[in-house]
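To start, the structure under review is shown below, and the notes come after it.
Values quoted throughout were computed directly from the atomic coordinates according to the rules given, and no laboratory measurement underlies them. Values in this document were obtained by computation on a predicted structure and should not be read as measured data. For neighbour counting, all protein chains shown are included, and Cβ atoms are generated from backbone atoms with ideal geometry for every residue, glycine included.
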């Protein structure tokens, strides 16, 4: 089973309000990722966890937080949503960090108004 | 950092013909090149990958070619079928950080 689950599938948020997105996998993968995808653009890596170590991309460092309370779950947290955060957020996982296949969840479509 | 460019934003072929999607990359350290398919309303689904120790890989109707000198790789879909219609994303990576191209919308016409 290569299923990655995401909740919610759709999220409507107000400008300035926090947003919390959840991802889970049962493949016992060591690495979990969060990508942002906007229409007609490439998916962009925001951050990833290798085990309990969080790595955030330099240009999104201050905009997104994350936690991984156990191997199966990973969250993406936006403290104060802006209009520019409207996008699809994709969670993925892979067995390790050596270029192993990444399996993607169905995504959460976030609309900020 | 790595930049991956996907040259065709749209591609239309007749059912049964071959489709070719081309990508280039900038970082010579990149060694892993996966391809993902996104069908309408769905997420990214892994289809095939190639690593830098080979220059060709085939899985059924999918062939991936890698030219390390030109920093170019391509996905060939042979004998296309209507269910091949989707957006295809190429990516390049050194270790696990994937840098994606912006996608090619492939339409297979009956």
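For A:95-104, what's the mean count of beta carbons from other chains sitting within 10 Å of each residue's beta carbon? Walk me through the numbers on the way to the answer.
Numbers: counts 1, 2, 3, 3, 14, 5, 5, 8, 4, 7.
Taking the mean over all residues of the peptide, I get 5.
Is there a simple number for the mean count of other chain Cβ atoms within 10 Å of the Cβ of residues in B:13-25, and what is it?
The shielding value for this peptide is 0.
Once fully extended, how much extra length lies between residue A:38 and residue A:11, figured as 0.36 nm per residue of separation less the alpha-carbon to alpha-carbon distance?
Details: separation 27, 0.36 × 27 = 9.72 nm, distance 1.50 nm.
Extra length from residue A:38 to residue A:11 when fully extended: 8.2 nm.
What FRET efficiency, computed as 1/(1 + (r/R0)^6) with R0 = 22 Å and r the Cβ-Cβ distance, is obtained for residue A:84 and residue B:29, rounded to the nearest 0.05?
0.10
Figure the gain on full extension for residue A:97 and residue A:3 (residue separation times 0.36 nm, minus the Cα-Cα span) and round it to one decimal in nm.
Working it through step by step, the gained length comes to 32.0 nm.
I need the semi-axes of the equivalent ellipsoid of chain A: take the C-alpha gyration tensor, multiply each eigenvalue by 5, square-root it, list largest first in whole angstrom. Mind showing how you got there, number by number?
On the way: eigenvalues 99, 40, 35 Å².
Output for chain A: semi-axes of 22, 14, 13 Å.
Taking the Cβ-Cβ separation of residue B:12 and residue B:72 as r and a Förster radius of 30 Å, what is the calculated FRET efficiency to the nearest 0.05?
0.85
For the stretch A:48-113 and the stretch B:40-55, what is the separation of their C-alpha centers, rounded to whole Å?
Computed from Cα coordinates, the inter-centre distance equals 20 Å.
If you build the convex hull over the alpha carbons only and average its shadow over all orientations, what do you get for chain B? Give it in nm² to one decimal.
6.4 nm²
FRET efficiency for residue A:22 and residue B:55, Cβ-Cβ distance as r, R0 = 45 Å, nearest 0.05?
Step by step, r from the Cβ atoms, then E = 0.65.
Restricting attention to the alpha-carbon atoms of the stretch A:40-87, what are Rg (one decimal) and Dmax (integer), both in Å?
In order Rg, Dmax, the Cα atoms of the stretch A:40-87 give 11.7, 34 Å.
Regarding the protein assembly as shown, what is the average projected area of its C-alpha convex hull, in nm²?
The orientation-averaged projected area of the Cα hull of the protein assembly as shown comes to 12.1 nm².
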